[in-house]
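The values are calculated or read from the model by the stated rules, or taken from the named source; none is laboratory data. Keep in mind that what you see is a predicted model, and the values were worked out from it rather than measured. Here the Cβ positions follow ideal geometry from the backbone for every residue, glycine too, while neighbour counts run over all protein chains shown. Just the protein is used for accessible areas: all its heavy atoms, side chains included, with ligands, DNA and RNA removed. Shrake-Rupley method; radii C 1.70, N 1.55, O 1.52, S 1.80 Å.
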Amino acid sequence: MSRQGNRAGDPRKVNGELFTLTYGALVAQLIKDYENDEQVNKQLDKMGYNMGVRLIEDFLARANTGRCNDFRETADVIAKVAFKMYLGLTPVVSNWSTTGDEFSLLLESNPLTEFVELPPGHANLNYSNLLCGALRGALEMVQMDVDVRFVQDILKGDNITEIRLKFIKRLEDAVPVGED
Amino acid sequence: MADEAVFEFLHTEMVSYIHREVFKDEKDQCISKLEALGFRVGQSLIERFTKECSRFKDELDTMKFLCKDFWGLVYKKQIDNLRTNHQGVYVLQDNKFKFLVQMSTGKQYMESAPKYLAFPCGMIRGALSNLGVNCIVTAEVSAMPALRKADGDVPH
């Protein structure tokens, strides 16, 4: 007899604890492997980037959102569709710069950091840096060069987690050498 | 709750990170590193999953929990076949193992299958060790989408 009944739920979702704990184990391994937090951040960003590059295809195939006309629309799609679909939460889009090329995603909770406390001596560690990499990678695949970084993090004692996205330029498809 | 795709890509990145960061002569360490990561995750997961469970009657009962509930929570399906020789060896068979169904069938990728099985093996070992069963977990892939998990229990 099954002990807990069938808690299967949505077949496309993985158990949240499994995801959080796996990510935690990975970060712990990185901290063991590297001497300083900057290098750990860099590795997390790199992994996130690789994930983002693939996630965007999954996203475009499943989300049916159509083309975004400006950066504001992109911001909405990221917050309301992408975050909702992949992490099950909807961050608030705010703090637009006057030129409209920079905004923040505000997260009240972060599934990656659910069971986490930063030990002392890791002031420079951006624990969830994977998210930045993933956003950067995914946006690059849709011809947008965007700078993504953490501004505030609940783990470090801030009230809210804030990710800042800055649009740098539109990437043009480079034509391979020898082709017209 | 995170999406399946995110978790799968995270796992793939983890495997490739571990293999990227080692020198040639330490290749066999990769598997044990991944296994150790899985062990840790399995240990914590089982604590949360069995919070409201009654005590397991015996080893077989523990195994059944692993095949039904644990598998159900982690992989959204149950083990397809559980066999045992009643002397401490359990064979768990999953015909559509999540980390392998995406890979092409055929012999070509058989070599890389163990890389993607080390973490799940560690997870099983971690889960069982927290339930008081010390064991060795090995994985075996007979044909790509169908794979077998052999679970050898060290006799007390």
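Ranked from the most accessible area to the least, with a 1.4 Å probe and all protein chains present, what is the order of B:Ser44, A:Ser104?
Result of the area sort, largest leading: B:Ser44, A:Ser104.
Tell me the carbon and sulfur percent of the accessible area for chain A, rounded to whole percent, probe radius 1.4 Å.
Here it works out to 48 percent.
Please compute the volume of the convex hull spanned by the alpha-carbon atoms of the protein assembly as shown and report it per residue in Å³.
180
What's the Cα-based Rg to Rh of the stretch B:37-93, Rh via Kirkwood?
When Rh is taken as the Kirkwood radius, the ratio is 0.97.
Once both labels are modelled 7 Å past Cα along the beta-carbon direction, what's the A:Lys80-A:Glu114 spacing in nm?
Spacing of the two 7 Å Cα→Cβ label points: 2.7 nm.
Note down the relative contact order for chain B as a percent, whole number, built from C-alpha pairs under 8 angstrom at least six residues apart.
Averaging sequence separation for qualifying contacts and normalising by length gives 28 percent for chain B.
Quick one: buried accessible area between B and A, total over both chains, 1.4 angstrom probe, nearest 100 Å²? Intermediate values should be presented prior to the final figure.
On the way: alone 9620 and 11600 Å², together 17330 Å².
Heavy-atom accessible area buried at this interface is about 3900 Å².
Residues of the stretch A:10-44 losing 50 Å² or more of accessible area relative to the isolated chain, 1.4 Å probe, heavy atoms only?
Flagged in the stretch A:10-44: A:Arg12, A:Lys13, A:Val14, A:Asn15, A:Glu17, A:Leu18, A:Phe19, A:Leu21, A:Thr22, A:Ala25, A:Leu26, A:Gln29.
What is the set of long-range amide H partners of B:Val141 at a cut-off below 5 Å, with H atoms built 1.01 Å from backbone N?
Correct list: B:Arg148.
To the nearest 10 degrees, how steeply does helix A:37-63 sit against the main Cα axis of chain A, on a 0 to 90 scale?
Compared with the principal axis, the helix lies near 70 degrees.
How do A:Val177, A:Val146 stack up against each other in accessible area, from largest to smallest, with a 1.4 angstrom probe? Display every interim value, and only then the final one.
Numbers: A:Val177 150, A:Val146 5 Å².
From most accessible down to least: A:Val177, A:Val146.
Name the residue, out of A:Arg170, A:Arg12, A:Arg149, whose mean-square fluctuation peaks in a Gaussian network model built on chain A with Cα pairs under 10 Å.
A:Arg12
Considering only B:Asn134, B:Asn85, B:Asn95, give the residue with the highest GNM mean-square fluctuation for chain B, with springs between Cα atoms whenever their separation is below 10 Å.
Of B:Asn134, B:Asn85, B:Asn95, the most mobile in the Gaussian network model is B:Asn85.
Per DSSP H run of at least 4 residues, take -39500 (n - 2.57); add these up for chain B, divide by its residues and hand me the 222 nm value, nearest 500 deg cm²/dmol.
-15000 deg cm²/dmol
For all pairs of alpha-carbon atoms in chain A, what percent lies in each bin of width 5 Å, listed from the first bin to the last filled one?
Histogram of Cα-Cα distances, whole percents per bin: 1, 7, 14, 19, 19, 15, 11, 7, 4, 2, 1, 0, 0, 0.
Leaving out ligands, DNA and RNA but keeping every protein chain, what accessible area does A:Val77 have, in Å² rounded to the nearest 10, with a 1.4 Å probe?
30
Near A:Pro120, within a Cβ-to-Cβ distance under 13 Å, what is the net charge of the other residues, with Lys and Arg +1 and Asp and Glu -1? Write out the running numbers ahead of the final one.
Details: positive: A:Lys156; negative: A:Asp37, A:Glu117.
Local charge sum for A:Pro120: -1.
Could you work out how much longer the chain between A:Arg72 and A:Asp147 gets when fully extended? Use 0.36 nm per residue separation minus the Cα distance between them, nm to one decimal.
Working: separation 75, 0.36 × 75 = 27.00 nm, distance 1.54 nm.
My answer for the length gained is 25.5 nm.
Per residue, how much accessible area does the stretch A:25-147 show when a 1.4 Å probe rolls over the protein heavy atoms, in square angstrom?
Accessible surface, normalised per residue, equals 49 Å².
For helix A:16-33, what angle does its Cα long axis make with the longest principal axis of chain A, in degrees from 0 to 90 and rounded to 10?
80
Averaging sequence separations of C-alpha pairs under 8 Å and six or more residues apart, then dividing by the length of chain A, give the relative contact order as a whole percent. Write out the running numbers ahead of the final one.
On the way: 235 pairs, mean separation 44.3, N = 180.
Reported as a whole number, the value is 25 percent.
Cross-link list A:Lys80/B:Lys77; A:Lys13/A:Lys80; A:Lys84/B:Lys77: which exceed 21 angstrom alpha carbon to alpha carbon?
A:Lys80/B:Lys77; A:Lys84/B:Lys77
So, taking all protein chains as they sit and a 1.4 Å probe, how much accessible area belongs to A:Val92, in Å² rounded to tens?
80
Return the Rg/Rh ratio of the stretch B:28-148 with Cα-based radii and a Kirkwood Rh. Mind dumping the intermediate values first?
Details: Rg = 14.2 Å, Rh = 14.8 Å.
In the stretch B:28-148, Rg relative to Rh is 0.96.
Put a dot 7 Å past each Cα toward the Cβ at A:Glu172 and A:Val92; how far apart are the dots in nm?
Distance between the two pseudo-spin positions: 4.1 nm.
When the expected Rg is taken as 2.2 N^0.38 Å, what fraction or multiple of it is the alpha-carbon Rg of the stretch A:121-180? Mind showing how you got there, number by number?
Numbers: Rg = 16.0 Å, N = 60, 2.2 N^0.38 = 10.4 Å.
Here the Cα radius of gyration is 1.54 times the empirical estimate.
Taking the 0 to 90 degree range and rounding to the nearest ten, how far is the long axis of helix B:4-20 tilted relative to the main principal axis of chain B, both from C-alpha atoms?
That works out to roughly 60 degrees.
Which Cα, out of A:Ile168, B:Asn85, B:Ala5, lies furthest along the positive dipole direction of the protein assembly as shown (beta carbon charges, K/R +1, D/E -1)?
B:Asn85
Please give the calculated 222 nm ellipticity per residue for chain A, where each DSSP H segment of at least 4 residues contributes -39500 (n - 2.57) and the sum is spread over every residue; nearest 500 deg cm²/dmol?
It comes out at -12000 deg cm²/dmol, rounded to the nearest 500.
Heavy atoms only, 1.4 Å probe, whole protein assembly: order A:Phe71, A:Phe115 by accessible area, highest first.
Values: A:Phe71 25, A:Phe115 80 Å².
If we order A:Phe71, A:Phe115 from most to least accessible, we get A:Phe115, A:Phe71.
Return one whole number: the accessible area per residue of chain B in Å², for a 1.4 Å probe.
49
Place a point 7 Å from the Cα of B:Thr105 along the Cα-to-Cβ direction; which residues of the stretch B:54-89 have their backbone N under 19 Å from it?
Under cut-off, by backbone N: B:80-81.
Separation of the stretch A:40-61 and the stretch B:65-89 by C-alpha centroid, Å?
If you average the Cα positions of each part, the centres end up 33 Å apart.
If I take every Cα pair under 8 Å that is 6 or more residues apart in the stretch B:87-143, average their sequence separation and divide by the length, what percent do I get for the relative contact order?
That works out to 32 percent.
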